[in-house]
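K.L.:
The structure is given below, and queries will be raised subsequently.
Quick note: the coordinates plus some simple rules give every number you see, no bench work behind them. Predicted model only: the values in this text are computed from it and were never measured. Neighbour counts are summed over all protein chains in view; Cβ atoms, including those assigned to glycine, are modelled from backbone coordinates with ideal geometry.
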DNA sequence: GCCGAACAAAGTGTGTACACTTTTTGCCCT
DNA sequence: AGGGCAAAAAGTGTACACACTTTGTTCGGC
C-alpha cells in the first residue's frame, strides 16, 4: 500500500499546506521540525524537505538556524500581491477570450449560472465562494498558457490564507455576480480588451475589500491577542 | 571565516545555479547527489536541500527515486514563458509609466542613451546586451510592486539558460533600439497603454526570434553551439 | 526590582548508516 | 546474435547521531 511515487516529504508538505489554507496554521505561527516530525511519525529529514519546498512556494519563511514561520504578509505586500494577481488574471482573460474552445466557454457559463442560481435561492455562501473561485479558475485555464496558469495559481495560493477573513454580505455577493456578468459577456462577445479590464478591476476591488476588512479587524482583535496563541504551534 | 548566515546548502545552490546560467550545465543534464557531494566536499544532505530549492525555482526537475535533471523547456513551454513574461512586463510598464519617480525616469533614459551610443560607435555587443537587460529591469522595477518585480525576475531567470543562443545581428540590434525608443517615449509622455502594448510586443518578438533560432539549430548537436554572447548573464 | 552575563536547554545543520527503488550487468534461452 | 530475466550495483529516501547556533534560564551586580 506504500505509494512508491509519493515520498513522505510530499505527504507532509501537503498536510502542512492544507493546515495553512484551512487556517489551523495562522500566518506568523512558528513551527519546529522535531515536533512536526513526531506528530507525523517520521524523522526530521522529510519534514525539513517539506519545509524547504514550502519556503520556495512562499507559504513559509525561514532563515538559517531559525525556526520556520508561516509567512505573514504585511499590508503592502498583500496589496502588491492582489495588484499583480489582477494584472495576471487580466492578461489571462484577454488571451482566453480569443482561445477558449466552445466547450470551455460552455463550462464557464454553467459555473456562472450555478452561481446565479445559488444567489437567487440564497444557498450556502460557501458553495457560492467555491463557484466564484471556479469561475476565475476556468477563465485563467482558458488562456492555454501553462506558465500563466501556474503563476496565477501560485499567487492565488499565497493569498488564500487571508481569504478566510472575507466577509460575504448579500450586497457584496450581488456586486460580485454582476461583475462576473460583465466579464462573461465580454468573453462571449469576443471583446478581449473589455474582458481584461473588467476582471482586472474586479480582482483588484476584491483585494481592496479584503484588505480593508483585515485592517479593520487587526486593530480590534488579532494584534491584541495574547501572544501565546500565535507564537507557538504546539500539538 | 565560517558564515553563520550562509548554510552549505545555500552555497551549493548558488554554485549549481551559476553553472546552469553559465552553460556548463546544459538543460537535460542529469545530476547525481553523491557526485555533487564529493565534488563540493560535503555530505549528500546539503546537496539534497540545494536540489530541492532549485526544483521549486524551476531550474531543475525531479521525481521520486529518480535523478535530478536540469530543466529542459520544450518549445511550447518556452513560448508560454515568453508570452507570460511579455504580459508581465507589459503590466509593469503600464504601472511604471504612472509611478516612476523623475530620478528613475532619468536613470532609464541614461541607460537608453548609453545603449544608443554603444550602437553608434559599434561598441561591444556584450555591453549592449547588458544595457538592454538593464533597460528592461529598470522599467520593471519602476512599477514599485515587489511581487510583480519578483515574478518577472523569476521568469527571466527561467529563460536565461536559453538566451545564450541569442544572435545579435546589426539589424536586430537596430530594431531593438528603435523598439526601446518607442517604449521610452510612451513612458515619458505618460501614455501607459502605449507603453504596455509596445514593451509587450517587443518582448514577445524577442522570444519569437530566439525560439526560431533554437528551432533552426536544433537539428545540429546542441552542445556544439557557439558559446555566444552569454558571459553577461553569469551571476 | 532590573539588566546583563554565564550557563543550560532546545533546535538547526550536516555526516553517516541503511532500507528500498531504480538501473545496470550478465546470463540463459530461443 | 538478440530479447527477456535475475542478481548485483548504484542511487534515492529516511532515520539517527552529533556539532554548533539560538533560545531560555539563572544568578550576581547595580
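K.L.:
In degrees, nearest 10, range 0 to 90: what is the angle between the Cα axis of helix B:170-189 and the longest Cα principal axis of chain B?
P.N.:
60 degrees
K.L.:
Bin width 10 Å, origin at 0, all Cα-Cα pairs of the protein assembly as shown: what percent of pairs per bin?
P.N.:
P(r) for the protein assembly as shown, in whole percents per bin: 4, 17, 26, 27, 19, 7, 1, 0.
K.L.:
Let me ask something else. Taking a point 7 Å out from Cα toward Cβ as the label site, list the nm distances between residue A:32 and the same residue in every other copy, smallest first.
P.N.:
4.0
K.L.:
Of all beta bridges DSSP finds with both residues in the protein assembly as shown, what is the antiparallel percent, to the nearest 5? Walk me through the numbers on the way to the answer.
P.N.:
Details: 8 of 9 bridges.
DSSP beta bridges in the protein assembly as shown are roughly 90 percent antiparallel.
K.L.:
How many angstrom separate the Cα center of the stretch A:10-64 from the Cα center of the stretch A:140-192?
P.N.:
So the separation of the two Cα centres works out to 28 Å.
K.L.:
Can you divide the C-alpha Rg of chain A by 2.2 N^0.38 Å and report the result to two decimal places?
P.N.:
Against the compact-globule rule of thumb, the ratio is 1.13.
K.L.:
Could you tell me what fraction of 2.2 N^0.38 Å the Cα radius of gyration of the stretch B:8-70 comes to, as a two-decimal ratio?
P.N.:
0.98
K.L.:
Can you order the peptides B:128-139, A:107-118 by their average number of other Cβ atoms within 10 Å per residue, highest first? Intermediate values should be presented prior to the final figure.
P.N.:
Numbers: B:128-139: 20.6, A:107-118: 17.2.
Descending mean neighbour count gives B:128-139, A:107-118.
K.L.:
Sorted from shortest, what are the nm distances separating the label point of residue A:153 from equivalent points in the other copies, each placed 7 Å from Cα along Cα to C-beta?
P.N.:
Values, ascending and in nm: 2.5.
K.L.:
Based on alpha-carbon atoms only, what is the radius of gyration of the stretch B:33-140 relative to the globular estimate 2.2 N^0.38 Å? Working shown, then result.
P.N.:
Details: Rg = 20.3 Å, N = 108, 2.2 N^0.38 = 13.0 Å.
Ratio of Rg to 2.2 N^0.38 Å for the stretch B:33-140: 1.56.
K.L.:
Fully extended, how many nm does the chain gain between residue B:169 and residue B:3 (0.36 nm per residue separation, minus their Cα-Cα distance)?
P.N.:
Working: separation 166, 0.36 × 166 = 59.76 nm, distance 4.48 nm.
Answer, rounded to one decimal: 55.3 nm.
K.L.:
I'd like the orientation of helix A:75-99 relative to chain A: the angle between its Cα long axis and the longest Cα principal axis, in ° from 0 to 90, rounded to 10.
P.N.:
Once rounded, one gets 40 degrees.
K.L.:
While we're here: What relative contact order, as a whole-number percentage, does chain A give when Cα pairs under 8 Å and 6 or more residues apart are counted? Could the numbers behind the result be given before it?
P.N.:
Details: 246 pairs, mean separation 63.9, N = 235.
Reported as a whole number, the value is 27 percent.
K.L.:
Helix-only mean residue ellipticity at 222 nm, chain B, DSSP H runs n ≥ 4 weighted -39,500 (n - 2.57), per residue, nearest 500. What is it?
P.N.:
On the way: 9 runs with 163 residues, N = 235.
So the calculated ellipticity at 222 nm is -23500 deg cm²/dmol.
K.L.:
Quick one: Kirkwood hydrodynamic radius for the stretch B:96-191, alpha-carbon pairs, angstrom, one decimal?
P.N.:
Taking every pair of different Cα atoms in the stretch B:96-191, averaging 1/r and inverting gives 14.2 Å.
K.L.:
Something else now. Shielding by partners for B:146-156, please: the mean number of other protein chain Cβ atoms within 10 Å of each residue's Cβ. Working shown, then result.
P.N.:
Working: counts 6, 15, 7, 2, 3, 6, 1, 0, 2, 2, 0.
Counting other chains' Cβ atoms within 10 Å and averaging over B:146-156 gives 4.
K.L.:
Note the distances from residue A:205 to each other copy's matching label point, with points 7 Å along the Cα-to-beta-carbon direction, in nm, sorted shortest first.
P.N.:
Reported distances to equivalent positions: 3.7 nm.
K.L.:
Partner chain Cβ atoms within 10 Å, averaged over the residues of B:81-88 - can you pull that number for me? Intermediate results must be reported in sequence, preceding the final value.
P.N.:
Working: counts 4, 1, 7, 13, 2, 1, 13, 7.
Across the residues of B:81-88, the mean count of other-chain Cβ atoms within 10 Å is 6.
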